[in-house]
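Trainee: Please read through the structure below; I'll follow up with questions.
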Amino acid sequence: MSFLKNNPELKEKVDALKAKYGDNNVFAYKAKDGKVAFFKRPDRATVDASTSVAKKSAIKSDEVIAKACFIDGDKSIIEDDKYFYGLSKWLGGLIEIIEGELSPL
């Protein structure tokens, strides 16, 4: 993300988060006003909790993912509705899926 290049302190934070959670497991969400939050990939238990409440409320489902995966940054992104709604459309990108093929033998 280009905003990291101009901010060595933020880059240092990202490097520390990647060291803790893995290079491909850390994501940054930047709101248009410059607020930044960092997220990790959800584990299976988090995805399960999210899908179990999804039947009743898509917002609650997104909230489960956002709260469980938030690892650093500006908490208002998950707590303030206007930021949360902007984040919600991106949360599915945290879930990594590698498809395969099942064949009869």
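The values are calculated or read from the model by the stated rules, or taken from the named source; none is laboratory data. What you are looking at is a predicted structure, and each value in this text was computed from that prediction instead of being measured. With ideal geometry, Cβ positions are generated from the backbone for all residues, glycine too; neighbour counts draw on all protein chains shown.
Trainee: Of the residues V14, V53, V26, which is closer than 18 Å to E96 by Cα and of a type in the set (A, V, I, L, M)?
Mentor: Values: V14 fails: closer than 18 Å to E96 by Cα; V53 fails: closer than 18 Å to E96 by Cα.
Result: V26 is the single residue among V14, V53, V26 that is closer than 18 Å to E96 by Cα and of a type in the set (A, V, I, L, M).
Trainee: Could you list, in sequence order, all residues of region 63-105 that are at pLDDT 95 or above and basic (K, R)?
Mentor: Once the filter is applied, which keeps residues that are at pLDDT 95 or above and basic (K, R), region 63-105 yields K67, K75, K82.
Trainee: Given the residues S76, S52, S103, which is the only one that is surrounded by fewer than 15 Cβ atoms within 10 Å (Cβ to Cβ), touching a Phe, Trp or Tyr at 6+ places or on another chain (Cβ under 7 Å) and not hydrophobic (A, V, I, L, M, F, W, C)?
Mentor: Details: S52 fails: touching a Phe, Trp or Tyr at 6+ places or on another chain (Cβ under 7 Å); S103 fails: touching a Phe, Trp or Tyr at 6+ places or on another chain (Cβ under 7 Å).
Criteria check complete, one pass: S76.
Trainee: Check off (1) under 14 Å from the mean Cα position of the chain (by Cα); (2) touching a residue at least 40 places away in the same chain (Cβ under 8 Å) for K13 and give me the number that stays unchecked.
Mentor: Among (1) under 14 Å from the mean Cα position of the chain (by Cα); (2) touching a residue at least 40 places away in the same chain (Cβ under 8 Å), K13 violates only (1).
Trainee: Kindly list, by first and then second residue, each pair from a residue in region 44-59 that is more than 16 Å from I95 (Cα to Cα) to a residue that is exposed (fewer than 12 other Cβ atoms within 10 Å of the Cβ), limited to pairs with Cβ atoms under 9 Å and residues at least 6 apart or on different chains.
Mentor: I59/Y85
Trainee: For region 15-29, how many residues are surrounded by fewer than 18 Cβ atoms within 10 Å (Cβ to Cβ), of a type in the set (A, V, I, L, M, F, W, C) and in a helix (DSSP H, G or I)?
Mentor: Of region 15-29, the ones surrounded by fewer than 18 Cβ atoms within 10 Å (Cβ to Cβ) are 15-16, 18-25, 28.
So of that shortlist, the ones also of a type in the set (A, V, I, L, M, F, W, C) come out as 16, 19, 28.
With the extra rule that they be in a helix (DSSP H, G or I), the set shrinks to 16, 19.
Of the residues in that region, 2 qualify.
Trainee: Separate question: I'd like to check something: does region 35-43 contain any residue that is free of Cβ contacts under 8 Å to residues at least 40 places away in the same chain, assigned to a helix (DSSP H, G or I) and surrounded by fewer than 18 Cβ atoms within 10 Å (Cβ to Cβ)?
Mentor: Among the residues of region 35-43, not one is free of Cβ contacts under 8 Å to residues at least 40 places away in the same chain, assigned to a helix (DSSP H, G or I) and surrounded by fewer than 18 Cβ atoms within 10 Å (Cβ to Cβ), which makes the answer no.
Trainee: Just the residues that are of a type in the set (F, W, Y) and free of Cβ contacts under 8 Å to residues at least 60 places away in the same chain, please, taken from region 81-105.
Mentor: Within region 81-105, the subset of a type in the set (F, W, Y) is 83-85, 90.
Across region 81-105, the qualifying residues are Y83, F84, Y85.
Trainee: Another question, then. Name the residue, out of I65, I78, I71, that is part of a strand (DSSP E or B) and touching a residue at least 12 places away in the same chain (Cβ under 8 Å).
Mentor: Answer to the selection: I71.
Trainee: If you scan region 29-75, which residues turn out to be of a type in the set (D, E) and either over 17 Å from G86 (Cα atoms) or touching a Pro at 6+ places or on another chain (Cβ under 6 Å) (or both)? So that I can check it myself, show each step before the final result.
Mentor: Step one: filter region 29-75 for residues of a type in the set (D, E), giving 33, 43, 48, 62-63, 72, 74.
Within region 29-75, D43, D48, D72 meet the criteria.
Trainee: OK, next. Could you tell me which of the residues K32, K11, K60 is basic (K, R), modelled with pLDDT of 90 or more and assigned to a helix (DSSP H, G or I)?
Mentor: On the way: K32 fails: assigned to a helix (DSSP H, G or I); K11 fails: modelled with pLDDT of 90 or more.
So the residue among K32, K11, K60 that is basic (K, R), modelled with pLDDT of 90 or more and assigned to a helix (DSSP H, G or I) is K60.
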